[in-house]
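Visitor: Below: one structure in C-alpha cells.
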Amino acid sequence: MIYLNSISQGILLGGLFALSAVGLSLAFGVLRIVNLAHGDLMTLGGYLAFITIEHTGMSTWYSFLIVVPAMGVIGYLVQRLLLQRALRMGELAPLMVTFGISIIIPNSLVQLFTNNTEQLPVGSLATSSIQVNSQISIGTFPLVTLGISIVMISALQQYLARTKMGRYMRAAADDSEVLRLMGVDHRRVYGIAMGIAFSTLAMAGILFGMRQGGVSPYDGQLTVLFAFETVIIGGLGSLWGTLLGGMVLGIAQTIAGQFSPELPLLVGHLVFLGVLAFRPNGLLGKPVLR
C-alpha cells in the first residue's frame, strides 16, 4: 500500500513535469530548436508572477491571466528578433542564442532580487488533500496541476489538428520548405509556435514556484533537467509523450524516495539514461507532433 501511494504521488508529480516539457517539445517539433534557456524562462515566469502579485495585490492564480499572455508575447518577439536570424546562420546558432539567454536571466535576477526565495502563495490548497483510505491521500494542488497539464495538452492537440495555424505548424514540423512554397509566412508560424511554447513554460514556472513555496534565480538549472528528461523519455515532439514521460519520471522519483531522500534525483537520471540507451526515440516512438 505504501508503494501504491508512492505511485499515485508520482503520477501527480508527473503532471507538473509534463507541463514543464510541453513547450520544449513544441519548440523542437516545429522549429527543431533545443531551447537551453527553457528552465530559466520558467523561472522568469515565476518572477513575473511575483512582481504582479506584489504590485497588484492579486492572488497567484489571477497572476496567470497577466503572466502567461505576457510570456507568449515575449516568446513571439524572441523568435522573430533573435532565433529567426540565428536559424539562417546555421544549426548551432540558435543553440548558442538560447545558451546566452540561460546565462543572462539568472544573473539578472540575482542583481534585481538577490538570491533570496520570493514567495508564490498557494493558499489553502497547499495543505488540503483528498483522503482515499488510511494510507493513501491525494494532494489537492498536485491534482489541480495534473488536471491543468491534461487540459493543456488536449487543447494543444486540438489546436494542431483542427486550426489552420495548427496545420501550418504540423507542416513546418514535417517539411518547412514546403510551407514556404505554399506562400505561407513561415516566420509568423514559427513566432506563434514559440509564443505558445513560452506561454506553457510560464504556467509551469508559476506552478513549480507554488509547489516549492517560491522562486529563486537558479531554479532553472534543475527544472530544465526535469523538462529534458521528461521529453526524451516520452519522445521528442510527442505532446502526449510528455505526459507519459513525466509520469514515468515522477513515479521513479517518488518510489526511490521511499528508500532514501537522496535517491530520487539519481534514480530519475538512471531511468532517463536507460530509456535513452534502449529506446532513443522515446517510449512513444517517432518524434512527431501527435
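Visitor: If I fit a long axis through the Cα atoms of helix 140-162 and take the longest principal axis of the Cα atoms of the chain, what angle between them do I get, 0 to 90°, rounded to 10?
Guide: 20 degrees
Visitor: While we're here: How big is the C-alpha Rg of segment 107-259 next to the rule-of-thumb value 2.2 N^0.38 Å, as a ratio?
Guide: Ratio of Cα Rg to 2.2 N^0.38 Å: 1.27.
Visitor: Using the eigenvalues of the Cα gyration tensor, what equivalent ellipsoid semi-axes result for segment 229-290 when each is taken as the square root of five times the eigenvalue, whole Å, largest first?
Guide: The answer is 23, 11, 6 Å, longest axis first.
Visitor: Also, quick follow-up: Show the residues, 5+ positions off or on another chain, whose built amide H is closer than 5 Å to the amide H of Gly214.
Guide: Those lying under 5 Å, H to H, from Gly214 are Leu120.
Visitor: How many nm separate the modelled label positions at Asn116 and Val151, each set 7 Å beyond the Cα in the direction of the Cβ?
Guide: Here the modelled spin labels are 3.4 nm apart.
Visitor: Just to check I understand the Karplus step: with θ = phi - 60° and J = 6.51 cos²θ - 1.76 cosθ + 1.60, what whole-Hz values come out for segment 64-70, glycine and proline as x?
Guide: Each residue's phi maps through the Karplus curve to give 4, 5, 9, 6, 4, x, 4 Hz.
Visitor: Now for a separate question. Could you please report the charge total around Asn116, scoring K, R as +1 and D, E as -1 over all other residues with beta-carbon less than 14 angstrom from its beta-carbon?
Guide: The answer is -3.
Visitor: Based on the alpha-carbon gyration tensor of segment 184-259 and its eigenvalue square roots a ≥ b ≥ c, which shape applies: rounded if a/c is under 1.5, prolate if not and a/b is larger than b/c, or oblate?
Guide: Here segment 184-259 falls in the oblate category.
Visitor: Loop by DSSP (not H, G, I, E, B), at most 15 other beta-carbon atoms within 10 Å: where is the longest site-free stretch of the chain for GluC sites (Glu not before Pro)?
Guide: My reading of the result: 92-261 is the longest stretch.
Visitor: Kindly write out, for segment 249-255 in residue order, the coupling ³J(HN,Hα) from the Karplus curve 6.51 cos²θ - 1.76 cosθ + 1.60 (θ = phi - 60°), rounded to whole Hz, with x marking Gly and Pro.
Guide: 5, x, 5, 4, 5, 6, 5
Visitor: For the chain, compute Rg over Rh where Rg is the Cα radius of gyration and Rh is the Kirkwood radius from the inverse mean 1/r over Cα pairs.
Guide: Rg divided by Rh gives 0.97.
Visitor: Taking the simple approach of a point 7 Å from Cα along Cα-to-Cβ for both Ser137 and Met96, what is their distance in nm?
Guide: 5.4 nm
Visitor: Just add up the charged neighbours of Leu201: K/R +1, D/E -1, any other residue whose Cβ is under 14 Å from the Cβ of Leu201.
Guide: Result for the neighbourhood of Leu201: -2.
Visitor: Moving on to the next point. Taking amide H positions as placed in the peptide plane 1.01 Å from N, state which residues far from Gly139 in sequence (5 or more) or on other chains have amide H under 5 Å from it.
Guide: So Gly139 has HN proximity to Ile130.
Visitor: If you don't mind, there's one more thing I want to ask. Using the Cα atoms of segment 91-190 to build a convex hull, what is its mean projected area in square nanometres?
Guide: Computed as one quarter of the Cα hull surface, the answer is 11.5 nm².
Visitor: Please compute, for the alpha-carbon atoms of segment 12-127, the extent along each of the three principal axes and give them in descending order in Å.
Guide: 49, 34, 22
A short reminder: the numbers here are calculations on the coordinates, not readings from a lab. These numbers were taken from a predicted model, which means no experiment stands behind them. Every residue, glycine among them, receives a Cβ derived from its backbone with ideal geometry; neighbour counts consider all protein chains shown.
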